[in-house]
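The values are calculated or read from the model by the stated rules, or taken from the named source; none is laboratory data. Nothing here was measured: the structure is a model prediction, and the numbers come from that model. Methodologically, a virtual Cβ is constructed for each residue, glycine included, from the backbone with ideal geometry; neighbour enumeration extends over all protein chains shown.
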Amino acid sequence: MADAIVSRLGQINGSGAVDALFLKVFAGEVLTSFEKTNVMMGKHQVRTIANGKSAQFPVMGRASAYYHTPGQEILGGTLKHAEKIITIDELLIAPTFIANIDEAKNHYDVRSVYTREMGAKLANTMDKHILQTGVLAARTAKTINDPDQFGGTSVNGVDGSNGDSLADAMFEAARILDEKDVPADERFLFVRPAQFYALAKSTKVLNRDWGGEGSYAGGNVIRVAGITIVKTNNLPQTVVAAGSLDAGTGDKYAGDFSKTLGLVMHPSAIGTVKLLDLGMESEYQISRQGTLMVAKYAVGHGVLRPEAAVELSSATA
């Protein structure tokens, strides 16, 4: 009896390694999981660099104006300049190793679970660092030393279990941002589930007679004071002490976040620099009789315009 002619699904153009195409599927699943889990991408500034350890973001002050006296020579004016430097953290990896014998004996697929967990871990780590940076931006002094330039702000005395108190704090944050000339579009509030559902239970927030958006039955609220609400478990809520984070971050995301209830932010407040975007590598190791898979990225986060960030805090002062 002749051998069957097998069409190898993993080969490229019918030749070479029989699993050459499978890695791309695995990598795509990691990327998909990352994109589903990550909430901060698209809500702040992102720059990609080809090489180097940091990126410079120039910051310029505002122009001055005065009334001209006829005949007086116009000499020009000055705008103050400053810069923000965002450094790249060390390479962050999410590795896993699958032994051939284990996979052969197993009666259900584990690779799809592994891809989801690897992507989610990287996405959650990035979200946590970005949100910590956002809260730190609200505590940062102004970059340009001009009277019409501003630093970050905190709205204190917020009751995190009271939807009306949270809504009042959002209106106060909107007022603060308006007075600092922060654009009214693309403002976001990032809150933990407890605060999100406190807002969702507030009849004042949801009352359509007052222009409320959301659903009491659906347990959701969309916007308050023109600010889009984003629910996340990654808003910091404890003391992140220096030295408690991975050494690869340089402790630049450390701080006391035990009173933090929410973060109102415009995308211009903080930035991310990407050196190595999310990637995936896989290697079959004969000596270990298994496959090593690594999801990775190398990025860094930093404060750009602190005036565009407002922290909602339970602190009394």
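All conditions but one from (1) closer than 30 Å to residue 155 by Cβ; (2) in contact with a Pro (Cβ under 6 Å, 6 or more places away or on another chain); (3) among the hydrophobic types (A, V, I, L, M, F, W, C) apply to residue 294; the one that does not is (1).
Could you say whether any residue in region 248-263 is in contact with a Pro (Cβ under 7 Å, 6 or more places away or on another chain), crowded, with 18+ Cβ neighbours inside 10 Å and not basic (Lys, Arg)? Can you show your working first?
To start, the set of residues in region 248-263 that are in contact with a Pro (Cβ under 7 Å, 6 or more places away or on another chain) comprises 257, 260.
Applying the additional criterion that residues be crowded, with 18+ Cβ neighbours inside 10 Å yields 257, 260.
Those left that are additionally not basic (Lys, Arg): 257, 260.
For region 248-263, residues in contact with a Pro (Cβ under 7 Å, 6 or more places away or on another chain), crowded, with 18+ Cβ neighbours inside 10 Å and not basic (Lys, Arg): present.
Of everything listed in (1) closer than 21 Å to residue 29 by Cβ; (2) modelled with pLDDT of 90 or more, the single unmet condition for residue 111 is (2).
Being part of a loop (DSSP other than H, G, I, E, B) and under 30 Å from residue 192 (Cβ atoms) is the filter here, so list the residues in region 273-317 that pass it. Even if it seems obvious, please write down each step before you answer.
Going residue by residue through region 273-317, those that are part of a loop (DSSP other than H, G, I, E, B) are 286-289, 304-305, 314-317.
Answer for region 273-317, where residues must be part of a loop (DSSP other than H, G, I, E, B) and under 30 Å from residue 192 (Cβ atoms): 304, 305, 314, 315, 316, 317.
If we keep just the residues of region 51-67 that are small (Gly, Ala, Ser) and over 20 Å from residue 84 (Cβ atoms), which is surrounded by the most Cβ atoms within 10 Å (Cβ to Cβ)? So, considering only residues that are small (Gly, Ala, Ser) and over 20 Å from residue 84 (Cβ atoms), the one surrounded by the most Cβ atoms within 10 Å (Cβ to Cβ) is 64.
Every residue, every condition in (1) in contact (Cβ under 8 Å) with a residue 60 or more places away in the chain; (2) aromatic (Phe, Trp, Tyr); (3) surrounded by fewer than 22 Cβ atoms within 10 Å (Cβ to Cβ); (4) farther than 11 Å from residue 44 by Cα, yes or no:
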site: 267; (1), (2), (3), (4): yes, no, yes, no
site: 275; (1), (2), (3), (4): yes, no, yes, yes
site: 281; (1), (2), (3), (4): no, no, yes, yes
site: 285; (1), (2), (3), (4): no, no, yes, yes
site: 290; (1), (2), (3), (4): yes, no, yes, yes
site: 295; (1), (2), (3), (4): yes, no, no, yes
site: 300; (1), (2), (3), (4): yes, no, no, yes
site: 303; (1), (2), (3), (4): yes, no, no, no
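Only one of the numbered conditions (1) at pLDDT 75 or above; (2) over 17 Å from the mean Cα position of the chain (by Cα); (3) within 30 Å of residue 99 (Cα to Cα) is not met by residue 259, and that is (3). Among residues belonging to region 68-94 that are among the small types (Gly, Ala, Ser) and either free of Cβ contacts under 8 Å to residues at least 60 places away in the same chain or surrounded by fewer than 10 Cβ atoms within 10 Å (Cβ to Cβ) (or both), point out the one that is farthest from residue 30 (Cα to Cα). Taking the candidates together, the pick is 71. Considering region 55-91, and only residues there that are out of contact with any strand residue (DSSP E or B) (no Cβ under 6 Å at 6 or more places or on another chain) and of a type in the set (A, V, I, L, M), the residue that is nearest to residue 146 (Cα to Cα) turns out to be 63. If we keep just the residues of region 71-93 that are among the β-branched types (Val, Ile, Thr) and within 30 Å of residue 120 (Cβ to Cβ), which is farthest from the chain's Cα centre (by Cα)? Here the answer is 93.
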